[in-house]
Amino acid sequence: MAQAVPAGQKWWSGGKSPFNVEYGKLMMWYFLMSDAFTFGAFLISYGTIRFSSNSWPDPNKVFRSFPVIGDMEIPLAFVSLMTFILIMSSVTMVLAVGAGHNNDKKGVMKWMFFTILGGLAFLGCQAWEWTHLHGEGAWWGRNPFPNINGSESSTNFTNFFFTITGFHGFHVFSGVIINIIMLIMTWKGVFEQRGHYLMIEKAGLYWHFVDLVWVFVFTCFYLL
Amino acid sequence: MENVHTSTAEGHHEPSFSTKLIWRTFWILLIITVVELVIAILYYETKFLPKHFLNGIFIIGTLAKAFFIIAEFMHLKHEIRNLIMSIAVPAMLFIWFLAAFLWDGNSFKNLRNSYDPYHVEKNTIKAKEKEKEGEHVPEKPEGKKPGVE
């Protein structure tokens, strides 16, 4: 809980935000709530279909390649790199928010730049992975990977994989765009004039949410 | 925005934005992820423990990571109780959401397995080797019943 709040504060007596955050940030939280349910619906329908199937492709067999080195048979190596990139960019985002708290324009710009870089790196990795899987014959409507018990698989696996990682990738993409806009606004001195960097916090919330969703996508598709 | 007074926007800032805490959270997230990966790869190589047990570990790890991202990176832990509750209480719906739908999926599997013998049989037939590049991927196997060839 917030340390800065005096004890016995009456939050609901009017005249102030009962949530102790500004309007925009509260609305960002509510938007993220609804977005969480959208992603939840996707992932839970994936889970439902998987629960209703007798067998399912083995993620360790499907996701075992790494660019340049090729099929080096280390399952999940590439996706762990992607996870690392995204967690790292989340850290730089928090550092940007922290710099914003100190009204440190240079710091905000530096950390926003690294966050954007991380987002682009993640998108690049995802593009490679999609291209590679497409090259192996996987796409919406076709699934070259047999089930883990060797039986013929349905296209459910690839359909869900491309839909959900695609939807997540689209979120990353829009997050990168938002971050670029924030970087330009910082550079132009908009927040400096405003006297606070609260916009960076809202963009940050969105960016962390993207990271949060990836944690679940990672577990559902690559680990379980 | 400006007409709403928030006690954190008035000069003094909560000390919770310490860089140390951020890096601590980063290490926690990284370590959980690495442990999950090591378990996944070990399972792939040796099958040392039943998969269901490991799935439990993965899910606990995921929830732990989600907690740390929301609490520290998204800073929710340091907001006031009103905000925490207005996010956490609706999120409880996920419990019903998960339980109901996964239960439903499982029930669908059981129904099909008990009333559709072909569905069970299909699960025992080995898939044919498929050509690369996805050029000539056979259509869905519904058309050809086993034994007809």
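Readers should treat all values here as calculations from the given coordinates under stated rules, not as data from a laboratory. Everything numeric here is computed off the predicted structure, so don't read it as measured data. Every residue, glycine among them, receives a Cβ derived from its backbone with ideal geometry; neighbour counts consider all protein chains shown.
So how compact is chain A: Cα radius of gyration and Dmax in angstrom?
Just the Cα atoms of chain A yield Rg and Dmax of 20.9, 65 Å.
To check my understanding: the extent here is largest minus smallest coordinate of the Cα atoms along each principal axis. What are those three numbers for the stretch A:122-162, in Å, largest first?
Here the spans come out as 33, 15, 15 Å, largest first.
Taking 0.36 nm per intervening residue step and subtracting the Cα-Cα distance, what contour gain separates residue B:35 from residue B:111 on full extension?
Once the chain is fully extended between residue B:35 and residue B:111, it gains 23.6 nm.
Give me the angle, in degrees from 0 to 90, between the Cα long axis of helix A:105-135 and the longest principal axis of the Cα atoms of chain A, rounded to the nearest 10.
10
How much mean residue ellipticity at 222 nm does chain A get from its helices, if each DSSP H run of length 4 or more adds -39500 (n - 2.57) and you divide by all residues, to the nearest 500 deg cm²/dmol?
-22500 deg cm²/dmol
Can you give the angle from 0 to 90° between the axis of helix A:198-217 and the longest principal axis of chain A, with both taken from C-alpha atoms, to the nearest 10?
In chain A, helix A:198-217 runs at an angle near 20 degrees to the longest axis.
Using the alpha-carbon atoms, what tilt in degrees (0 to 90, nearest 10) does helix A:77-101 show relative to the longest principal axis of chain A?
That works out to roughly 10 degrees.
Please report the relative contact order for the stretch A:59-223, taking Cα pairs under 8 Å with a sequence separation of at least 6, and give it as a percent rounded to a whole number. Don't jump to the answer; show the numbers that get you there.
On the way: 175 pairs, mean separation 45.0, N = 165.
Normalised by residue count, the contact order of the stretch A:59-223 is 27 percent.
Would you kindly derive the ³J(HN,Hα) couplings of the stretch B:100-108 from the backbone phi angles with the Karplus curve 6.51 cos²θ - 1.76 cosθ + 1.60 (θ = phi - 60°), listing them in order in whole Hz, with x for Gly and Pro?
Running phi through 6.51 cos²θ - 1.76 cosθ + 1.60 with θ = phi - 60° gives 4, 6, 5, 4, 4, x, 5, 5, 5 Hz.
For the stretch A:167-224, what does the convex hull of the Cα positions come to per residue, in cubic angstrom? Display every interim value, and only then the final one.
Details: hull volume 3.5 nm³, N = 58.
Dividing the Cα hull volume of the stretch A:167-224 by its residues yields 60 Å³.
For the stretch A:58-144, what size does the Cα cloud have along each of its three principal axes, sorted from largest down, in whole Å?
53, 25, 22
So what's Rg/Rh here for the stretch A:127-224, counting alpha carbon atoms and using the Kirkwood radius for Rh? Present the calculation step by step, with values, prior to reporting the outcome.
On the way: Rg = 18.9 Å, Rh = 16.0 Å.
Rg/Rh for the stretch A:127-224 comes to 1.19.
Taking the Cα centre of the stretch A:59-223 as origin, work out the dipole magnitude from +1 charges on Lys and Arg Cβ and -1 charges on Asp and Glu Cβ, in debye rounded to 20. Please report the intermediate quantities before stating the final value.
Details: 9 positive and 9 negative charges, 103 e Å.
For the stretch A:59-223, the charge dipole is close to 500 debye.
Starting from the amide H of residue A:151, placed 1.01 Å from N in the peptide plane, find each other amide H under 5 Å away whose residue is 5 or more places distant or on another chain.
B:127
Any idea what log10 I(q)/I(0) is at q = 0.27, 0.33 Å⁻¹ for the stretch A:158-199, Debye with uniform C-alpha scatterers and no solvent?
-0.84, -1.00
So, by mean Cβ neighbours within 10 angstrom, what's the order for A:108-119, A:19-30, A:179-190, A:201-212 with the highest one leading? Walk me through the numbers before you get to the answer.
Numbers: A:108-119: 21.8, A:19-30: 18.8, A:179-190: 16.9, A:201-212: 24.2.
Sorting A:108-119, A:19-30, A:179-190, A:201-212 by mean packing, highest first, produces A:201-212, A:108-119, A:19-30, A:179-190.
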